[in-house]
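Novice: Can you keep this structure in mind? I'll have questions shortly.
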Amino acid sequence: MKNIIKNISTQVVLAIAVLLPFGCENSLEDLNVNPNKPAEANIDLVFTHGANNILYKYGRFTNGDDWDLWAGLWTQTFAGNHATGINYDQYDLRNPDSEWDIWYDGFLDLRYVIENGTELEAWTHVGAAQVITAVGLGSLTSYYGSLPWSEALQGVTNPYPAFDTQEQIYNAIFGLLSDAVTNLGRTPNQALATADFVFGGSAQRWLATAYALEARYRNHFSLKDPNGSATAALTAVDNAKTNGFTSGEADFGYPYSGEGTFLNGYFHLFENNQIVASEAFINALQTDNDPRLRAYWNDENVDEAFVGFVGKPNGYGTDNRSFSPIGPKGFYGKSNSTQPITTHFELLFIEAEAAFRAGQLPRAATALNDAIQAQMDLVTPAAIETLTTEGGDVASYQQSITDYIAAFGSETDATITLAKIMTEKHKAMVCMNGESWVDVRRHDHQFPSWLAIPVRQGEVVPVASEFIQRVLYPQESINTNPDNTPRDITIFNKLWIFNP
């Protein structure tokens with residue numbers, strides 16, 4: 001059990017350890033039916049196992065297909081530094097023997113929780129399982145588009161499920177979130193409690209998260225339904241705030257203890273140095289005197305070969321120079337840093353964009369200013385702590401925060417623009433790469449302005465004539481469900497949601 005956090009009870013951990021061996025062996029042929037799983041498994045244990053399978057897939061490198069991590073290359077926050085990092089930075093993608101089955105193992109467990117929890121009237125279990133299923137589906141469809149869903153998870157009854165369209169997947173997501181809101185408002189017959197390693201069984205926090213996720217996914221329809229999506233997103237924002245999503249304390253993420261093997265994924269990346277800071281992103285932060293430069297990146301490489309902040313050009317291959325990694329000096333790369341999945345500052349950026357599209361410019365400006373302040377308040381204390389420890393100039397750093405807010409976080413209805421909203425959101429969404437990649441594609445790579453197709457070191461021609469738009473389906477799906485897995489696609493085909 002490499003990734004269940006420390007505060008889960010020993011009984012739960014041991015029981016999940018028994019469940020784990022089936023998690024990495026199944027294929028889509030049986031869509032993760034476990035013949036060894038008891039017909040009436042403990043709902044708490046199944047919830048924890050299912051939630052872990054889904055949420056652990058954010059911000060980690062495990063088996064080559066962790067797109068939430070690699071998407072940071074395509075938003076050009078990060079650059080590849082060796083091995084798979086370089087390949088994907090150069091758009092050299094393959095059909096990986098992926099861990100798709102781990103996602104579907106999680107979905108299967110959560111479906112068990114939803115069905116059996118409904119019978120038991122364990123409504124917090126049910127609602128939380130629906131929220132986690134929704135966010136997992138939202139991530140997978142943002143990478144692949146169409147997915148097996150309405151016919152999935154049926155085992156030998158239907159070993160070759162059809163793929164639902166992306167439109168159908170989004171409808172399923174909204175249905176899950178709507179049902180979650182209903183169920184989380186009910187009085188349960190049993191508490192979720194410590195089986196919930198995210199919110200400790202709090203129905204209210206899951207409810208607020210459901211609305212925040214609805215705001216995110218409504219906002220995804222900015223090209224399909226500009227006016228309607230803006231209105232729907234703002235309604236969901238209001239509901240999220242009303243139900244407690246009003247500060248970073250409400251953030252939804254995967255927690256790490258920082259002890260033993262329960263270590264944050266970016267901390268592991270710091271140790272193996274597989275992806276590092278993108279030169280374009282580092283340069284943008286330096287140009288704007290952005291104090292988050294120090295809050296994000298280590299000013300020493302893993303081999304302490306330099307002191308300073310140095311980014312690597314996207315598309316470069318193996319390079320003997322040293323570059324800045326996400327590391328333990330900053331907010332996101334400590335061994336016990338929580339991996340963010342949905343955050344308060346993201347909700348405020350969604351509000352800013354949706355309000356701008358709805359023509360509510362004062363609200364857009366206020367939301368942008370609040371978003372920048374909220375994310376700055378979240379991440380910069382880590383930099384201040386490091387400066388204090390190292391005897392750095394804390395006063396100057398604090399002044400740089402004030403100066404940045406004055407320059408970039410003090411917009412009005414007369415000065416607010418979409419470019420400002422999306423550029424500032426891009427700067428803030430570090431380590432939330434999958435969702436940031438959605439933003440980049442939704443806006444056709446206009447924001448931020450420094451995005452460019454990568455160029456290999458020593459060459460002039462970019463690695464492609466257009467930006468990457470999607471990833472390829474896993475080889476296991478092609479092998480086990482060949483008649484239904486889409487084959488006539490390339491990484492440059494836009495997903496349905498990104499076509500007007």
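Novice: If exposed means no more than 14 neighbouring beta carbons inside 10 Å and the site is in a DSSP loop, what's the longest run of the chain without any exposed chymotrypsin sites (Phe, Trp or Tyr not before Pro)? The partial results should precede the final answer.
Specialist: Numbers: sites that count: F306, F492.
With a cap of 14 other Cβ atoms within 10 Å, the longest stretch comes to 1-305.
Novice: Can you give me the distance in nm between label points at V461 and T246, each placed 7 Å from the Cα along the Cα-to-Cβ direction?
Specialist: 5.8 nm
Novice: Related question: Multiply the residue gap between E115 and N272 by 0.36 nm, knock off their C-alpha separation, and tell me the result in nm, one decimal place.
Specialist: On the way: separation 157, 0.36 × 157 = 56.52 nm, distance 4.18 nm.
Length difference between fully extended and current span is 52.3 nm.
Novice: What FRET efficiency, computed as 1/(1 + (r/R0)^6) with R0 = 41 Å and r the Cβ-Cβ distance, is obtained for T389 and N320, rounded to the nearest 0.05?
Specialist: Values: r = 30 Å, r/R0 = 0.74.
According to the calculation, E is roughly 0.85.
Novice: Next question. How far apart, in nm, are the 7 Å Cα→Cβ label points at D413 and D488?
Specialist: Taking the simple label geometry, D413 and D488 are separated by 5.1 nm.
Novice: Please work out the average accessible area per residue across the chain, using the 1.4 Å probe convention, and give it in Å².
Specialist: Result: 36 Å² of accessible area for each residue.
Novice: For the pairs K224/K334; K241/K312; K224/K312; K224/K329; K241/K427; K57/K329, flag any whose C-alpha to C-alpha distance is greater than 30 Å. Provide the component values of the computation, followed by the final result.
Specialist: Numbers: K224/K334 39 Å; K241/K312 39 Å; K224/K312 36 Å; K224/K329 41 Å; K241/K427 23 Å; K57/K329 24 Å.
From the list (K224/K334; K241/K312; K224/K312; K224/K329; K241/K427; K57/K329), the Cα-Cα distance tops 30 Å for K224/K334; K241/K312; K224/K312; K224/K329.
Novice: Multiply the residue separation of Q399 and Q154 by 0.36 nm, subtract the distance between their alpha-carbon atoms, and state the gained length in nm to one decimal.
Specialist: On the way: separation 245, 0.36 × 245 = 88.20 nm, distance 5.83 nm.
Length gained, Q399 through Q154: 82.4 nm.
Novice: Let me ask something else about it. Quick check: at a probe of 1.4 Å, how many percent of the accessible area of the chain sits on carbon and sulfur atoms?
Specialist: Working: 8920 of 18120 Å².
C and S fraction of accessible area: 49 percent.
The values are calculated or read from the model by the stated rules, or taken from the named source; none is laboratory data. Remember, predicted model here, so these are calculated numbers, not experimental data. Virtual Cβ from ideal backbone geometry, glycine too; neighbours counted across all protein chains shown. Keep in mind that these areas ignore ligands, DNA and RNA; they rest on the heavy atoms of the full protein, side chains included. Shrake-Rupley method; radii C 1.70, N 1.55, O 1.52, S 1.80 Å.
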